[in-house]
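Take a look at the structure set out below.
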Amino acid sequence: MAQSNASSGQRISLHGNWSSRFAFILAVTGSAVGLGNIWKFPYVAGQNGGGAFVLVYLCCVVAIGLPIMMAEIMLGRRGRRNPVETMRILGEEESGQPIWALVGLGGVVAGFLILSFYSTIAGWTLAYTIKAGAGSFVGADAATLSAEFGAFIANPLVTGFWHTLFMAMTVLLVGLGVEEGIERAVRFMVPALVILLLLLLGYAITSGDFAAGVEFLFKPDFSKINGAVVIAAMGQAFFTLSVGMGAVMAYGAYLPQDASITSTSFAVAAADTLIALLSGLVIFPIVFANGLDPAEGPGLIFQTLPLAFGKMPGGSFFGVLFFICLGFAALTSAISLMEPAVAWIVERFDVTRQAAAIRVGLIIWALGFLTVLSFSHLSEFQFGRGTIFDNLDFLAINVMLPLGGLMITIFAGWVMCRNSSADEIDPDAGRLYSIWRLLVRYIAPVAVTFVLLSAFGVFD
Ligand code: TRP
């Protein structure tokens with residue numbers, strides 16, 4: 001525990017470094033901003049009653065997600081290895097327990113599960129780019145678009161094709177290790193996505209039921225808060241910030257020693273949250289103006305946004321741009337879901353990055369067909385939480401990410417000595433550091449444990 005910090009503080013990354021702090025911010029933003037903001041946030045908020053969910057989600061981002069993001073970056077930069085190896089080295093250094101590597105391994109598994117369904121949904125956005133370009137939304141009403149979406153996901157050959165294409169692109173980019181490519185994509189795509197969302201917001205304000213949308217999202221009905229809403233909100237906070245599985249830790253390993261962990265994390269969390277809220281402000285006015293169901297589920301954006309694109313001037317053009325940007329945002333997130341596994345395999349088994357990416361990609365691609373089929377031929381096959389997709393989604397996002405996050409808070413807050421974490425986060429141990437330490441030692445672990453226990457009915 002009382003090991004000296006000087007030596008480990010200087011450890012050199014095996015994979016090179018980000019060219020600057022800004023490049024790192026772009027990469028972490030690329031990881032955080034994705035389907036979680038635009039696709040998942042609105043539909044989970046819709047299923048969980050709106051305002052009450054949003055309030056709990058915001059609390060979870062600030063009190064749990066943000067401190068864990070800082071902890072992950074801190075651990076990653078201190079270990080300077082893939083998350084499995086980083087946790088092993090730090091576990092040994094700080095407590096003589098290499099068993100902490102299991103936290104990294106759990107993250108690798110969570111990444112496999114998440115990417116397996118993430119890729120299916122990302123495939124939907126690719127397909128919708130083509131549909132938008134072909135003008136198939138023009139003048140269509142809500143019922144037509146819902147029927148079209150239903151027919152689309154019912155065909156596993158088509159959705160399987162787009163899933164395959166998306167996984168192939170992910171493997172290609174991860175295999176090439178194109179930091180610059182990622183940086184450049186994020187630099188254009190995230191601002192473009194925001195501009196297109198603002199354009200859609202204009203449509204939602206003028207043609208949607210904007211007041212109803214705002215009320216749904218921001219007027220909490222506290223009687224709606226229950227265990228299920230809280231676990232959904234906490235899972236969403238982990239998912240949208242990409243924390244709990246070592247993705248941010250893997251990126252932290254390449255962060256230059258002089259970059260500030262605090263301000264980086266704040267910037268990313270703020271941007272990510274604003275984009276999610278913006279997406280909600282676009283979707284719900286359209287939902288309420290067209291008599292759609294806010295609790296529609298995973299198809300929500302694919303049935304609402306095409307309505308807007310079908311009615312606004314230049315809608316086909318903007319629709320194509322929007323789905324392309326969303327596809328890119330998903331790609332920069334998918335890359336980070338694979339990075340811990342690929343970096344681990346490269347370092348552990350001494351294979352090339354390409355070979356590691358292809359192997360990992362093949363396993364995830366095969367797993368992905370469980371999700372593809374759970375929206376088509378296996379949609380009637382229900383157990384536990386619902387379809388196979390519902391179960392994968394719940395296990396990975398609502399259980400594995402919080403568990404991983406819990407372990408990270410315990411390690412960063414309790415096992416690691418104060419000097420080691422202060423050394424990375426703020427050598428002067430100022431006020432922000434004290435707040436972080438309070439959150440990571442007490443608030444976050446207690447809150448996560450409480451929510452997990454209540455999700456499993458311990459308090460019923
Ligand atoms: N945060 C991404 C999104 O909102 C998804 C994602 C990327 C992720 N990397 C992750 C989720 C790591 C959890 C863990 O779309």
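Tabulated data for the structure shown
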| item | result |
| --- | --- |
| Some residue of region 260-277 being over 17 Å from PRO67 (Cβ atoms), at pLDDT 95 or above and crowded, with 22+ Cβ neighbours inside 10 Å | yes |
| GLY202 open to solvent by 10 Å² or more (accessible area, probe 1.4 Å), small (Gly, Ala, Ser) and more than 16 Å from the ligand (Cβ to nearest atom) | yes |
| Any hit, region 110-119, residues being free of Cβ contacts under 8 Å to residues at least 12 places away in the same chain, within 19 Å of ALA330 (Cα to Cα) and in a helix (DSSP H, G or I) | no |
| Per-region count, region 205-224, residues open to solvent by less than 90 Å² (accessible area, probe 1.4 Å) and polar (S, T, N, Q) | 1 |
| ASN391 vs. criteria without any contact (Cβ under 8 Å) to a residue 24 or more places away in the chain and part of a helix (DSSP H, G or I) | yes |
| Unique residue being within 16 Å of the ligand (Cβ to nearest atom), within 30 Å of ARG88 (Cβ to Cβ) and in a loop (DSSP other than H, G, I, E, B) when the list is VAL248, VAL243, VAL268 | VAL243 |
| Single match in LEU403, LEU378, LEU337 (criterion: closer than 18 Å to LEU35 by Cβ and open to solvent by 10 Å² or more (accessible area, probe 1.4 Å)) | LEU337 |
| Criterion: modelled with pLDDT of 95 or more and either of a type in the set (S, T, N, Q) or under 16 Å from MET245 (Cβ atoms) (or both) - qualifying residue of GLY65, GLY50, GLY91 | GLY65 |
| Hits in region 225-243 - residues which are of a type in the set (Val, Ile, Thr) and open to solvent by 20 Å² or more (accessible area, probe 1.4 Å) | ILE225, VAL230 |
| Scan of region 330-359 for residues that are touching a residue at least 24 places away in the same chain (Cβ under 8 Å) and acidic (Asp, Glu), ordered by number | GLU339, GLU347 |
| Unmet criterion (only one of (1) within 16 Å of the ligand (Cβ to nearest atom); (2) open to solvent by less than 30 Å² (accessible area, probe 1.4 Å)) for PRO285 | (1) |
| Residue count, region 20-42 (criterion: of a type in the set (Ser, Thr, Tyr) and open to solvent by less than 10 Å² (accessible area, probe 1.4 Å)) | 1 |
| Evaluation of ASP293 against (1) open to solvent by less than 50 Å² (accessible area, probe 1.4 Å); (2) away from the ligand (no atom under 14 Å from the Cβ); (3) over 28 Å from VAL84 (Cα atoms); (4) outside any helix (DSSP H, G or I) (one fails), failing number | (1) |
| Set GLU85, GLU94: member being within 22 Å of VAL448 (Cβ to Cβ), away from the ligand (no atom under 13 Å from the Cβ), more than 17 Å from the chain's Cα centre (by Cα) and acidic (Asp, Glu) | GLU94 |
| Pairs, first under 13 Å from VAL103 (Cβ atoms) and open to solvent by 10 Å² or more (accessible area, probe 1.4 Å) in region 244-259, second away from the ligand (no atom under 16 Å from the Cβ) and of a type in the set (Val, Ile, Thr), C-beta under 9 Å, six or more apart | none |
| Meets criteria (within 16 Å of the ligand (Cβ to nearest atom) and within 21 Å of ALA444 (Cβ to Cβ)) for GLY235 | yes |
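Yes/no matrix, rows are residues, columns are (1) free of Cβ contacts under 8 Å to residues at least 40 places away in the same chain; (2) in a helix (DSSP H, G or I); (3) in contact with a Ser or Thr (Cβ under 8 Å, 6 or more places away or on another chain):
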{"site": "GLY160", "(1), (2), (3)": "no, yes, no"}
{"site": "HIS163", "(1), (2), (3)": "no, yes, yes"}
{"site": "MET169", "(1), (2), (3)": "no, yes, no"}
{"site": "ARG184", "(1), (2), (3)": "yes, yes, no"}
{"site": "LEU196", "(1), (2), (3)": "no, yes, no"}
{"site": "GLY213", "(1), (2), (3)": "no, yes, no"}
{"site": "LEU217", "(1), (2), (3)": "no, yes, no"}
{"site": "ILE231", "(1), (2), (3)": "no, yes, yes"}
{"site": "GLY235", "(1), (2), (3)": "no, yes, no"}
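The values are calculated or read from the model by the stated rules, or taken from the named source; none is laboratory data. Just so it is clear, the structure is predicted and the values come from calculations on it, not from any experiment. Glycine also receives a Cβ, built like all others from the backbone with ideal geometry; neighbour counts cover every protein chain displayed. Accessible surface is based on the protein model in full, side chains and every heavy atom, while ligands, DNA and RNA are left aside. Shrake-Rupley method; radii C 1.70, N 1.55, O 1.52, S 1.80 Å.
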